[in-house]
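The values are calculated or read from the model by the stated rules, or taken from the named source; none is laboratory data. Everything numeric in this text was worked out from a predicted model, so none of it was measured. Cβ atoms come from the backbone with ideal geometry, glycine included; neighbour counts cover every protein chain shown. Quick note on the areas: whole protein, heavy atoms, side chains included, nothing else; ligands and nucleic acids left out. Shrake-Rupley method; radii C 1.70, N 1.55, O 1.52, S 1.80 Å.
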Amino acid sequence: MKSPLRNDGFPSDFIWGCGTASYQIEGAAKEDGRGPSIWDEQASFSGRILDGSDGSQACDSYHRYMEDIELLKTLGVGAYRFSIAWPRIQPEGRGKPLNPGLDYYSRLVDALLEKGIEPWATLYHWDLPLALERAGGWTNRETSYRFVEYTAIMFEKLGGRVKSWTSVNEPWCSAFLGYQYGEHAPGLHDPKAAIAAVHHLLLAHGLCAQAHRDSGKGGVFGIVINPSTPRPATGCPGDLAAARRASLERTALWLDPVFGRGYPKEYTDAAPAEFPVKTGDMDLIASPVDFIGVNYYDENVVAECKPTPDAPWGYAKVPSWQEKTEMDWYIVPQGLRRVLRHISREYSPKAIYVTENGAAFKDEVSKDGGIHDPGRIDYLKSHLGACREAIVDGVPLRGYFVWSLLDNFEWAWGYTRKFGITAVEPGSFARKPKDSFYYYRDAVAGFGLD
Ligand code: IFM
């Protein structure tokens, strides 16, 4: 039965949330036995992080998580999406788990539940234990088995209390930004390695889905991708085909296997290496999921071009007319509606959540002491509008998580790009809500649109 609509048009049981990730906010990188991750190493190489920073302190949320929960309470959100740092649980990516790490997440979960906030746990948001990378990281099939061992530990420890789980976050970034474009850890430039990583990340997801089911602890389970369905520059067949090819690597490459269709042939035929598929892998990857998480920030326009080493797939991004955020990403709320409709029509998932959506802007504390960020408010408002339209279109969209609760370590950009609805003062770590924080509080309460 459909739940009644609120005055703002959202279903009354729609989940409103906020997200963060371990390496981006926790800090305490050397505390309680935490082992080094690939991002600690990436940040230690000169020139890899724009401002030369790292996540060793980040927002100090390892110590200040209660302050973060107070912020969530003030917002009135029903859910908090955080990730678990694998190196806090198994410093070397294998073996006996560390109690302090387990206890930290256990305390976090209990404190959230006490405030009536549902914990949404992501099992992998890019902080692979460095010891596993030394053995090949995601290019090595063994990593998928190590992952499932770690996730089984987490299901055992937190299952029942955590009712919503996701396996890997934006595996496209881990595989391609990490192994092919060198922008993310481990910083490699090896297209063949990226293909192996794609398969092992998906295998890890499939094994994890099975471990979740086997744990018998219940709850829902899904995968989070960052799909992209670019617009064609024109209606010519060449540009239409280019747009389809452009979406392959970010969308079908992940969702086709998850929904039992195997890898898209158009992609595998032209890929620089064979996918290292073994018997039974594709069935595991197609283990049923309860939902798909969609992380959406922007949409591009593409046109057909001659294949070159820089554009091997024969498409190129072309300029658009929309305004951009500080990331140089076009602001296209209707792109969110389009991608949600595409996933809904193409794969008919049981449920979709927008697991990340937000924007980086230059924020300053103004003379009156406030942080006035109208650009971010417009961004959130327009994207929430697109969500509401998608629901009217029939998309089974069940929730929305703002990225992010806090300004945090934005990977290769260090602290130079701010996605938070709350600022974090460098040095003191004092949290300061921006205007967008209060806007989102209104949205959660049903007064964010119209
Ligand atoms: O900060 C990241 C997050 O870790 C993953 N999704 C995109 C965000 C903004 O770049």
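When the residues of the stretch 321-337 are narrowed to those that are touching a residue at least 60 places away in the same chain (Cβ under 8 Å) and open to solvent by less than 30 Å² (accessible area, probe 1.4 Å), which ends up nearest to Tyr181 (Cα to Cα)?
Met327
Within the stretch 291-318, take every residue that is crowded, with 20+ Cβ neighbours inside 10 Å and among the aliphatic types (A, V, I, L, M) and give me the one that is farthest from Ala242 (Cα to Cα).
Only one residue tops the list, namely Ile292.
Pull out all pairs, ordered by first then second residue, where Cβ-Cβ is under 8 Å, the residues are six or more apart or on different chains, the first lies in the stretch 355-375 and is open to solvent by 80 Å² or more (accessible area, probe 1.4 Å), and the second is of a type in the set (Lys, Arg).
Lys362/Lys418; Val365/Lys432; His372/Lys434
Of (1) surrounded by fewer than 21 Cβ atoms within 10 Å (Cβ to Cβ); (2) in contact with a strand residue (DSSP E or B) (Cβ under 9 Å, 6 or more places away or on another chain), Ala135 satisfies all except one. Which?
Of everything listed in (1) surrounded by fewer than 21 Cβ atoms within 10 Å (Cβ to Cβ); (2) in contact with a strand residue (DSSP E or B) (Cβ under 9 Å, 6 or more places away or on another chain), Ala135 misses just condition (2).
Each row is one residue, and each column tells you yes or no for (1) surrounded by fewer than 18 Cβ atoms within 10 Å (Cβ to Cβ); (2) more than 21 Å from Ala131 (Cα to Cα); (3) among the β-branched types (Val, Ile, Thr).
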{"site": "Gly159", "(1), (2), (3)": "no, yes, no"}
{"site": "Val162", "(1), (2), (3)": "no, yes, yes"}
{"site": "Cys173", "(1), (2), (3)": "no, no, no"}
{"site": "Glu183", "(1), (2), (3)": "yes, no, no"}
{"site": "Lys192", "(1), (2), (3)": "yes, yes, no"}
{"site": "Leu203", "(1), (2), (3)": "no, no, no"}
{"site": "Ala211", "(1), (2), (3)": "no, yes, no"}
{"site": "Phe221", "(1), (2), (3)": "no, yes, no"}
{"site": "Val224", "(1), (2), (3)": "no, yes, yes"}
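Under 6 Å between Cβ atoms, at least 6 apart or on separate chains: pull out the pairs that start in the stretch 294-310 with a residue that is of a type in the set (Val, Ile, Thr) and end on any residue that is at pLDDT below 95 and within 16 Å of the ligand (Cβ to nearest atom).
none
Within the stretch 1-30, which residues are in contact (Cβ under 8 Å) with a residue 60 or more places away in the chain, within 22 Å of Pro97 (Cα to Cα) and either away from the ligand (no atom under 14 Å from the Cβ) or small (Gly, Ala, Ser) (or both)?
Ala21, Ser22, listed by residue number.
Restricting attention to the stretch 117-129, does a residue exist that is farther than 16 Å from Gly187 by Cβ and among the β-branched types (Val, Ile, Thr)?
Yes: the stretch 117-129 contains one or more residues that are farther than 16 Å from Gly187 by Cβ and among the β-branched types (Val, Ile, Thr).
Give all pairs with beta carbons closer than 7 Å in which a residue from the stretch 168-183 that is without any contact (Cβ under 8 Å) to a residue 24 or more places away in the chain meets a residue that is within 11 Å of the ligand (Cβ to nearest atom) and of a type outside the set (D, E, K, R); count only pairs at least 6 apart in sequence or on separate chains.
Within 7 Å, the pairs are Leu177/His184.
Residue-wise test of (1) assigned to a loop (DSSP other than H, G, I, E, B); (2) in contact with a Pro (Cβ under 9 Å, 6 or more places away or on another chain); (3) surrounded by 17 or more Cβ atoms within 10 Å (Cβ to Cβ).
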position	(1), (2), (3)
Met1	yes, no, no
Asn7	yes, no, no
Cys18	no, no, yes
Ala28	yes, no, yes
Gly35	yes, yes, yes
Gln42	no, yes, yes
Arg48	yes, no, yes
Gly55	yes, no, yes
Tyr65	no, no, yes
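Condition first: more than 22 Å from Ile285 (Cα to Cα), open to solvent by 10 Å² or more (accessible area, probe 1.4 Å) and either in a helix (DSSP H, G or I) or polar (S, T, N, Q) (or both). Can you find one or more residues in the stretch 116-132 that meet it?
For the stretch 116-132, residues more than 22 Å from Ile285 (Cα to Cα), open to solvent by 10 Å² or more (accessible area, probe 1.4 Å) and either in a helix (DSSP H, G or I) or polar (S, T, N, Q) (or both): present.
Of all the strands (runs of 3 or more DSSP E) wholly in the stretch 355-450, which have at least 1 residues that are away from the ligand (no atom under 16 Å from the Cβ)?
397-403, 431-433
Quick check on Pro288: is it more than 26 Å from Lys418 (Cα to Cα) and surrounded by fewer than 15 Cβ atoms within 10 Å (Cβ to Cβ)?
yes
Can you tell me which residue is surrounded by the most Cβ atoms within 10 Å (Cβ to Cβ) among those in the stretch 95-106 that are out of contact with any Pro (no Cβ under 8 Å at 6 or more places or on another chain) and over 14 Å from Ser83 (Cα atoms)?
Out of the qualifying residues, it is Pro97.
Take Arg398 and decide whether it is open to solvent by 10 Å² or more (accessible area, probe 1.4 Å), in contact (Cβ under 8 Å) with a residue 40 or more places away in the chain and basic (Lys, Arg).
In short, yes.
When you go through (1) open to solvent by 20 Å² or more (accessible area, probe 1.4 Å); (2) without any contact (Cβ under 8 Å) to a residue 40 or more places away in the chain; (3) closer than 25 Å to Asp190 by Cβ; (4) not basic (Lys, Arg) one by one for Val277, which number turns out not to apply?
(2)
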